[in-house]
Amino acid sequence: MKKIFYVLFTLLGVSLILAPVAKAQDTYKIGAAIALSGSIAVYGEGFKKAIDLATEEINGKGGAKGKKIEILYEDNKSTPKDCVTAVRKLITVDKVPVIIGPAASSNFMAAAPVAQESKVVMLSAQGAAPALTKAGEYIFRVFPSDVLQGKGISDLCLQLKYMEVPIMYVNNDWGLGLKNVFVENFKKAGGKVTDEIPYDEKKTDYRTELIRATKGNPKAVVNLTYIVEGSVMFKQAYEMGINTQWICGSAAKAPKLVELAGKAVEGIIGTYPVFSQETKDYQAFRSLWMKKYGDAKIPIFGEYNYDMVHLIARAIDQGGYTSDGIRKALFEVAKGYRGVTGDKTFDQDRGVGSEYGVWTVKDGQIIDYKK
Amino acid sequence: MVTLLEVKDVYSGYGKIEVLHGVSIHIAPREIVCIIGPNGSGKSTLLKTIVGLIKPKKGSIRFFGSEISGKDPEEKVRMGISYIPQGRNIFPTLTVMENLEMGGTPLGDPSRIEMAIREIFERYPILNKRKKMKAGSLSGGEKQVLALARASMIKPKLILLDEPSLGLAPKVIDEMYRQINSINQEGATFLIVEQNARKALRLAHRAYVLDLGLNRLEDTGEGLLNNEEVKHLYLGR
Amino acid sequence: MDLFLHLWVMIFIYTIFAMSLNLEMGYTGLFNFGHVAFFGIGAYVSALLTLHQVPFEFALVAALLAAGLLGFLLSIPSLRLRGDTFGIATLGFGEIIRMVFQNEVWLTKGPMGLPGIPKPVLFSYRFATLPQYLLLTLGFSVLTFLVLRIIIRSPLGRAFKAVREDEVAAVALGKNIFHFRIKSFVIGSVLAGLAGTLWGHYTTFISPGDFTLLETILVLLIVVLGGKGTELGPLVGAVVLIFFQESLRFLRLPAEWSRYLAPLQQMIFGSLLIFLMIYRPEGLLREKGAGR
Amino acid sequence: MTFLLQSIFNGLLAGCIYALFAMGLTLIYGVLNFVNFAHGELIMWGAYFLYLFMESPLGLPLPIALIPALCLTILLGLSMDRFAFKPLRQANRLTLLITALGLSFFLRNGAQLFWGAELRTYGFEIKRGWKIFNISITTNQIAIILTTLVCIAVVYLLLHRSRIGKSMRAVSDNLELARVAGINTRRTIRFAWIMSSSLACIGGILLALDTNLQPGMGMINLVKAFAAILLGGVGNIWGALLGGIVIGFAENLGVLIISTGYKDAIAFGIMVLLLLLKPPILYGSQD
Amino acid sequence: MIETRGLSKSFGGIQAVSNCTFALKDHAITGLIGPNGSGKTTLFNLITGFIPPDRGEIYFKGKRIDGLLPHEVAIGGIVRTFQITRVLPRMTVMENMLIAPPRQTGEKFRSLWFNPKTIRKEERENRKKALELIDLVGLSHLKDQFAQNLSYGQQKLLELARGLMANPSMILLDEPTAGINPIMIRTIMELITKMKEWGMVFFIIEHNMDVIIELCGWIFVLDNGEKIAEGRPKEIQNNPRVIEAYLGI
C-alpha cells in the first residue's frame, strides 16, 4: 500500500520536472493541435508538410516582428477528448497565444471552447461545418463553409438535370452537415432525394450500402465520401457493374483516390472550392513545394494551411505576440489578402468565402469538368 | 526384494506451497500398496508427482531402476504407468469407444489399439454394449469401469488409483475392488490412495500412512488395520 | 499548472467511472464490456437537457435515472448469461448504444456532436473555472467513494460478493441472485452515468466518437491495474494510467514520431493488461482477507 | 428482383467469411475453453503478412507469397499461445478473456504502427464481375465460397475421423486426464493453434482480396463470427457455417429495411436476441 | 415435514426420478441411499427447487413448494449443502457465515440509508451467533481466513455451520462425509447429533453405511429413480432388494 503511494508521488514529481521550464523566448511559438495519429492522420501528415513549408519560407525572410516563428506540434490523436487535452496543454504549458486547430469539425468544436475560454486565437484551415466559428470571437477559419459547397452540389445536379437522386454520405460531422445543406437546397429547387444512406468510416465492405443506393437504377448518385472510403466504394461498384453518375464533394478530390481506385473512378464528378492555380502566388507556392518535397503532390487542403500560417505570421508582425493583438490584427492583415487560395477577407463570423468549381477524373487525372 | 517403483525423499507441491516434505515409498512388482492419511496429508499430491503432473522440487523417483522424476506424464504412460485421477476420470463428451482409443494412444499403431479394445470388450461386455454412447451419460458404476478399462488399455505395469471409492455405492465399491484384485492377479501393480481405508487395507499387501506431507507409518495392510494408533488416529473408532 | 488541474479533473472523473465498473466487475463478478454506454447516456441526457435550458440539478438527476433505467433493461440478459458470454453480449450492447448516438440525428445531432454544453450550476453556484470544476469532481468522487463504501461493507455488498463467488451456494442460502445482479448493475450504471455527466459538462462538447470500445478498455485497465474488488483500486489505477498517458506529451519528441507514439502507447496498454493477468492478476492493491 | 438476388448473394459471401472466422474461434474455444478475442487480429495480420510479401521490395506473386504469409500467421498464433495464454492454463475464462482483449488491442495497434491506419489493397487490377442471372460475381468471390466449403469439410473430417482431432476433443474435455492418458497435449494444443491460425490467415486473405486491408478489419468481423458461433452452437463446425450465413443474410437484407447506420447493430441484435431466447442456464456454474 | 407425490423428472429421455411418493415423518434424521445415478441428488435438487419437476407435487409442512424458486425454498426454511463443498472461496470464514441469515435488512438498498440502526443491531446479533457456531465446529482460529485456504474437511464443517446459521427448519446434506478422513467424519457425526438435540431436522444422502446406520432413524432407498424400500436401519440392512441393488454381499 505505502509502496504504491511512493510510486505515485514519484510519478507526479517526474512529470513535474519534465514539464518544460519557461525559457527566455527566442522564437514566437505557434501551437498546432493537429492529427498526427489516429483515424485522420492521413490528412494530418499533409497539413504538417504545408505548415512546415510556410514556416520555412517566413523564417527565411526574417520571420515575424524580428523573431523567427516556431510551430509546436501537439498530437490530437483524432479524438475530441485528446483535442481538448492537446489544446489545453499548448495553452497552459507552452503558453502560446495562437493555435492551429484540429482538422475534423467535431474535433475542432471540442477544442474551440477551451481556446475561447482562455482567450487564445484558434484557426481552422479545413473545418467546413457551418457552426464552426460560433464558439466565440477568438475562433477563425480560412476555409469556406459547407453552406456554399452544399449549394454547389445541388446546383450541379440541377444543371445536369438529375432531379431524383439518392444521397450517400460518410456518417460523420462533415458528411452529415454537407448532406443537410444539400438536401435543403436541392428540395427547395424542386429536386427529390430518393434515399439517404449514411455509412461508417473505415469499413472494408460497402456493397450492402451500394446495393441500397442503386436500388431502382438511379441515373446519378450523390456520394459525399472521403478518399479511402470512396476508393473502396467505387471499386466495389465497378466490380458489381453499377452504372451511374457519381457526384462527390471536395473531400474526394485527391490524386490518392485515383491512385487507390484506378479506372473505377473514371468519370466521377464533384465540386470543390476553386481558386485559380494560374496566379503568380500559386505558381510560386508550387515551385517551393517541388523544391522542398520533390514532387507536386500537394495534399488536400495543403494550400489553405499554407495561407493560414502566412496570415498568422503577418498578424504577429502587425499586432504583436499576444492573443488579443493577433485577433485584432487578423482582420486587418486578411482584408484583401490574396494568398494561394484567393481572397481571405474575414466576414463578421470570422469565416471566408469562396467560389465552387467542378472536377472530374479523366484518364487517371483530376481535371476541371467541362460540359 | 526387487523394486518396481522407488520414491525417495520427495519434496513437492503447487506453486509456492509445498505439500510433500520428503516422502519415501517403494513398491515391488505385483504388489497392491495402499496409502492412507487425513485430508491434506499429500496423498493425491504424491500420485500426481509420481505420474508427472507435478514436478518434484527435490528427491528421486525411480521406475525399474531408472530416474523418471523429470519426465512428462506422456512419457511415463509409455513406460507403463497408468493413473486414474479422483472424480473426473473419463472424457465425458467422447464416446466410450473414443475414450478407449484415447487410453490406447501410447500404443501408437491403430491395429494394436483395436486389439486392445477387443480384449477390453471381452473383459467388460457392458462397455461393448455402450460403445457408441457418450461417456458422460454412463452411470456412476459404468464410468468407474470405463476409467479402469481406459487405464488398462496399455497393459500398464503400475496403476495409480486416486480414491476409487469416492462417491460410490457400497456394491459398486465391492465390484471395483474385485476388478482391482483380478487385474492384480494378472500381473499389474497397484498404488491406491484411499480415504475410507478399511476395504483398501484388507486388499493391500502393504500400506503407508501419510500425514502432513511426511511418512508416518509403514506396515502390511493387516498390520495397519490392527494397529491401535492407526485405528485411533486415522480410521476412526 | 492548469494542465495538472485538468489532469486531476480527468482522474477524478475516471475514478468515478472505474469505481462504478469495479462494483460490477470486482465485487459482483459481472464482466460488463459495454460500460461506456452508461457513461455516454449520462453525458448525452444531461447535455441535451441543459442545452434545452433545464437546470443542471434536474438534468443530473434525469441523467442518473436514464442511466439506471438503461442499466436495468440491459441487466435483464444477465439473468441468462454468465461470465464471458455476458461480457461479449454487453460489448454488443455498448456498440448498439453508440450507434444510436450516431444515427438518431434528430435527437443527438449524430456525428455533429453537441457543442456548447453549459458549465454546471449547482444551487446557483457556477462551476466554471478549472479549480472550481476540480472541486466539483473531487466532491463527487468522495461522495461516490463513500456511497460505495457503505454498500460494499454492508450485508448488501456481502451478498454481491457471494454472487461473484458462487451463485449456486448463494441461492441455496436463500439469496435471490437475480435481484442482486440487477441491483449491482443498476447502481454501477447510475454511477457511470454520473461520471459521464461530469465529463460532458467539463469538455462542453460530446460526440459519439467519445464512447467507443477504447474507453471501455481504458476503464477496464484502470480497474484491473488498481486492483479489482478493492476500495481504493480505481483511484490508484486512474492516477497511474492518466499520468502515464499524459506524461508522454512532455517527452519532447519530434512531431513525426507521434504517428508511432499513439499506437505504441495503446500497445503498451494492451500488453499491460496481459502482463497484469499473468503476473499480478490482483492488480496493484490486493483484496482484503488473508491470502495464502 | 435482381437487387434482392444480389443482396442474397452478398449475404452468402459475407456468411462464408464469418463462418471461416467462426471455425477458427470455435476450435480454440473447443480445446482451451475460452473465447480468443484476439482471433480477429490473427485474421488481420494474416492478410497483412501477405501484403508484406506482395509489396515492394519483395513483390512476390500471390501463390508464392501465400506460403510465408501462412507460416508467419501460424508462428504468430503459436507465440500468442506461448507468451499470453500458456502461463494462464489454469486460470478461469474471464482472466483469459481479458488477456485476449489486451492481446487484440496490442496486435491491432501493432499493425497500425507498421502500416498505419489507412486502407491498403493488394494492388490487383480491378475487373468487372461476371453477370450470372444478373448477379455480379467476381473470381475472388467464387474462390471465397469454394475455399470456405473445402476448409469446413477438412476441419470436420480432421476433428471426427483423425486421431489428432479426437485428441483435441479429449484435451478439451479434460486436460489433465488427457495428459495422463498419454496424449501429447502440448502437440495437440499446438495443432489446434496451427489450424486456427491457418483458418484465420486464409479467411483474412480472402476477405482482403475481396475488400481491403485495414487494422480494424478483424475485430468487427470477429464479433459477428462470435454471433455465428452462438447461433450455430459452440463447437459445432456445420453450425458455424449455418450461423455465419444466417448472420450474413440478416445483415445484407436487413439494411434494405432499416438505416444503413445500424448495419453492424444487426449482428449484435441477433446475438443478443438469441442469447435471450435460449433456454436460461439458470444455476449452472461457469466453470 | 416433507412429502412428495408422484414426483418425476427425466433428462434427455433418461428417467432420473420416476413417480416418487414418500413422506418424511418426524424423525430427526432421515437417510437417503441408493446406487450411483439412482436419482438421490436429483431428488434433492427437486425438493430445493433447483430443478423443476416434470410431474408431481412437493409439500413442506403441508404447504406446496414445487414451482418455487430455489431461493424461495431456502427462505421457506430448507437449506442444503452440496456433494462437493460450495464455500465462497474469496470471502472470509466470518463472511461465509454472515451471508447465511435470510432476509437481512441490510441487503435492501433502501434500508442502507434509512435504517442503518436496525442493520447495525442485526449485524451485531448475527456476528455473535456466527462466532458461537464457528466455535462449535472448531474453526474460530480461522475466522478471518479466506475460505479457499481451508482444508476440504474444514470447508465441509464451514458449510454445515453456515447451513445452521441460516436458521432453517430443515437441512438437506448431500454426502456430508465424502472425501473426509475417518476422524473428521467422527467430528461431523457428533456435530449432527448435537444439532439434532437442539431440534434441527436432517435429510441426508450418504454412501457411508456406518454413518447412515448410526445416525438415521428412518431410511429411504432409491434405485433407478424409484423408491424401492423405506424403513428403520435394521430393516433396510436386511432387506433383500436393498442388498441386491445397493449393499451387495
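The values are calculated or read from the model by the stated rules, or taken from the named source; none is laboratory data. Values in this document were obtained by computation on a predicted structure and should not be read as measured data. Neighbour counts are summed over all protein chains in view; Cβ atoms, including those assigned to glycine, are modelled from backbone coordinates with ideal geometry. Heavy atoms of the whole protein, side chains included, go into the accessibility calculation; ligands, DNA and RNA do not. Shrake-Rupley method; radii C 1.70, N 1.55, O 1.52, S 1.80 Å.
Results, tabulated for the structure shown:
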{"read-out": "Accessible heavy-atom area order of E:K121, B:K129, highest first, probe of 1.4 Å", "value": "B:K129, E:K121"}
{"read-out": "Sites D:R187 and E:F11, calculated FRET efficiency, Cβ-Cβ separation with R0 45 Å, nearest 0.05", "value": "0.80"}
{"read-out": "Sequence-distant residues sharing a close amide H with B:K58 (under 5 Å, placed H)", "value": "B:Y11"}
{"read-out": "Interface residues, the stretch C:112-126 - accessible area loss of 40 Å² or more versus chain alone, probe 1.4 Å", "value": "C:M112"}
{"read-out": "By average C-beta atoms within 10 angstrom, highest first, the peptides C:112-125, C:172-185, D:49-62, A:156-169", "value": "C:172-185, A:156-169, C:112-125, D:49-62"}
{"read-out": "Accessible-area order (highest first, 1.4 angstrom probe) of the listed residues A:T92, D:T147", "value": "D:T147, A:T92"}
{"read-out": "Shielding by partners, peptide E:145-151 (average Cβ within 10 angstrom, other chains)", "value": "4"}
{"read-out": "Inter-probe distance in nm under a simple model that places probes 7 Å from Cα toward Cβ, at C:T212 and B:R112", "value": "5.8 nm"}
{"read-out": "Peptides C:133-141, D:190-198 ordered by average Cβ neighbours within 10 Å, highest first", "value": "D:190-198, C:133-141"}
{"read-out": "Rounded to 5, the percent of DSSP beta bridges in chain A classed as antiparallel", "value": "30 percent"}
{"read-out": "R0 of 30 Å, Cβ-Cβ distance B:L214-B:E119: FRET efficiency to nearest 0.05", "value": "0.15"}
{"read-out": "Residue-averaged beta-carbon neighbours from other chains (10 angstrom radius) around E:73-84", "value": "3"}
{"read-out": "Candidate residues E:E95, E:E132, A:E266: accessible-area rank, largest first, probe 1.4 Å", "value": "E:E132, A:E266, E:E95"}
{"read-out": "13 Å cut-off, amide nitrogen to a point 7 angstrom out along D:L256 Cα→Cβ, residues in the stretch D:10-54", "value": "D:10-12"}
{"read-out": "Charge sum, other residues only, whose C-beta stays under 15 Å from D:P61's C-beta, Lys/Arg counted +1 and Asp/Glu -1", "value": "-2"}
{"read-out": "Built amide H within the under 5 Å cut-off of E:G76, gap 5+", "value": "none"}
{"read-out": "Cα-based Rg of the protein assembly as shown normalised by 2.2 N^0.38 Å, two decimals", "value": "1.05"}
{"read-out": "Rounded FRET efficiency, nearest 0.05, which uses the C-beta distance separating D:L5 from B:S60 and R0 of 56 Å", "value": "0.15"}
{"read-out": "Averaged over C:4-11, number of beta-carbon atoms from partner chains that fall within 10 Å", "value": "3"}
{"read-out": "Two-site label geometry, E:E3 and E:D135: point separation in nm, points 7 Å out along Cα→Cβ", "value": "4.1 nm"}
{"read-out": "DSSP-assigned coil residues among trypsin sites (Lys or Arg not before Pro) in the stretch A:261-369, each with at most 12 further Cβ atoms within 10 Å", "value": "A:K335"}
{"read-out": "Segment A:K291-A:R338, extension gain: residue separation times 0.36 nm, minus the distance between their alpha carbons", "value": "14.7 nm"}
{"read-out": "Alpha-carbon gyration tensor eigenvalues x 5, square-rooted, for chain A, Å", "value": "38, 25, 19"}
{"read-out": "Accessible area (Å², 1.4 Å probe, nearest 10) - A:T204", "value": "20 Å²"}
{"read-out": "Phi to ³J(HN,Hα) by Karplus 6.51 cos²θ - 1.76 cosθ + 1.60 over the stretch C:81-98, Hz, x for Gly, Pro", "value": "9, 10, x, 6, 5, 4, x, 6, 4, 5, 4, x, 4, x, 5, 4, 4, 5"}
{"read-out": "Pair D:T147, E:Y59: separation of 7 Å Cα→Cβ label points (nm)", "value": "6.9 nm"}
{"read-out": "Computed [θ] at 222 nm, helices only, for the protein assembly as shown once each DSSP H run of length n ≥ 4 contributes -39500 (n - 2.57)", "value": "-16500 deg cm²/dmol"}
{"read-out": "Other-chain or far-sequence residues with amide H under 5 Å of B:Y83's (modelled H)", "value": "B:L160"}
{"read-out": "Protection-proxy order for peptides D:68-79, E:191-202, C:90-101, each taking the mean of Cβ atoms within 10 Å per residue, highest first", "value": "C:90-101, D:68-79, E:191-202"}
{"read-out": "Within the accessible area of the protein assembly as shown (1.4 Å probe), percent carbon and sulfur", "value": "58 percent"}
